[in-house]
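The values are calculated or read from the model by the stated rules, or taken from the named source; none is laboratory data. Quick caveat, the model's predicted, so the values are computed rather than measured. Cβ: placed from backbone, ideal geometry, glycine included. Neighbour counts: every protein chain shown.
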Amino acid sequence: GIPRKDFPAEARTRGGSRAVSRGNERLPEPAPHGKRLLQFSDALPPFARRPRSHIRYDFEYNASVSDARSRREWYRFLRRAAARYESVPAAYELDRPSYGEIEESIARYLHRMRGVRCDPEQVVLVSTYMQAFQMVLRVLVEPEERVLLEDPHSYGLRNAIRLHGCEPVPLPTDSDGLMIARVAERDEGARLLATNPSFLMPSGRHMPLARRLRLLERARERGYWILEFDHNNEYRYEGTPVESLQGLDDDGLVLHVGTFSRLFSPDPAIAYLVVPPHLKDVFRAEDVTMGNYCAPLECEVLAQFLDSGEMESFLRRLNRRLAGKRDAAREALRAFRDLPLTLSPSNAGLHVHFSMHGWSSARVEALANAIWDRGISIFPDEPYTMLARPSAGLLLGIATLEVDTIRRGIAELGEVIRAFIAREGYGRTS
């Protein structure tokens, strides 16, 4: 191969689209999909991938949330399963790996926790939720077809849509989620609508039942699929997780995506896709064709973890801790009465959110850079939306920090915001 330093400059440029040449030789270009890979293959926005060695208060938004007891139980199950695997002859299956009882365990767990109605054969295992997104798009959507996307939304899902060769059509939301009348203005010719009705960004509120039923009715009338991304719904401070949209669907229109990866990172790398009964064969064929794979040992351990009730026990402990951290963060932020920030409601999730009154996304990003330079990791909300908003804001992850650390970090955060306003002259309407 040609050493990297010998490639012409345009070939070394990330996302470059021109034909490249070396001497008198003309090198072929990647196909359009290959060029899109360089732009849209990331699940996390660029801000989340910045160097972190200097960070003292890490309000990481996409952190894993396991605790000492859950890790002990996980590795106890893992050691027991590994000992059994030592006596099992190695085998290679040309069709698909044997995952034991994990599909049955996931189906039972989702029915208990989320009201999902499915047989084990409808559960398709993948390593990440991005794989699930891409699988849905490959099977159900042609490039350049219309894909509707709730706004705000998952950055990874938006990138998956663009990677597939479609431009997402953002749909406005209010405090109860998608506004069905506004959906009706934009869904002509749509093939797929993506939403997270059980966890509305950034507040964690959920879409009321009447609006969910109206959304299902609209999808049936127009003839498009609904991709339900069940993200962060387990982390609910009051009450129980909200019933899934899939559990209300009698027409086989909803595909339900979730993941276990954030609970015990780096173990397990397991996500799932629940497909309607009449689509299970085509998705199994896609699964085999693309060679999707989850480690059978991890699948066996996860099945035991789910069936033993340890997952529900872990989530109860976790949500009690998260509620205390949420309360501490909101109390500390409310103390900044002299600053132009507005707290969003916070009913679930691993973060708190506040907007800077009247500030543009560019100014909030400049503020986030100043905060980051002071050793505090904080994340602008701009990557999670496409529609214009009157006020941009910031996300603070609370999962990995203790209450005292949260309070100290937010106290220093207030100092940075005050200094930024004094230096840059940004007031309440800047």
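Among residues of segment 258-286 that are in a helix (DSSP H, G or I), those with a beta-carbon under 8 Å from a residue that is of a type in the set (Lys, Arg) and at pLDDT 95 or above at least six positions away or on a different chain give the pairs Glu286/Arg138. Note on segment 297-329: residues that are surrounded by fewer than 18 Cβ atoms within 10 Å (Cβ to Cβ) and either over 25 Å from Ala68 (Cβ atoms) or not polar (S, T, N, Q) (or both) total 12.
Within segment 9-38, the set of residues being modelled with pLDDT of 85 or more and surrounded by 11 or more Cβ atoms within 10 Å (Cβ to Cβ) comprises Leu27, Glu29, Pro30, Pro32, His33, Lys35, Arg36, Leu37, Leu38. Sub-7 Å Cβ pairs linking a first residue in segment 414-425 that is in contact (Cβ under 8 Å) with a residue 60 or more places away in the chain to a second residue that is assigned to a helix (DSSP H, G or I), at least 6 apart or interchain, are Ile417/Leu367, ordered by first then second residue.
Scanning segment 135-144 for residues that are under 22 Å from the mean Cα position of the chain (by Cα) and surrounded by fewer than 22 Cβ atoms within 10 Å (Cβ to Cβ) yields Arg138, Val139, Leu140, Val141. When Pro390, Pro345 are checked against the criterion of being surrounded by fewer than 16 Cβ atoms within 10 Å (Cβ to Cβ), under 24 Å from Asn319 (Cα atoms) and at pLDDT below 95, Pro345 stands alone in meeting it.
Is it the case that Pro120 is assigned by TED's automatic domain parsing to the domain that holds Arg222 and within 20 Å of Tyr293 (Cβ to Cβ)? It is true that Pro120 is assigned by TED's automatic domain parsing to the domain that holds Arg222 and within 20 Å of Tyr293 (Cβ to Cβ).
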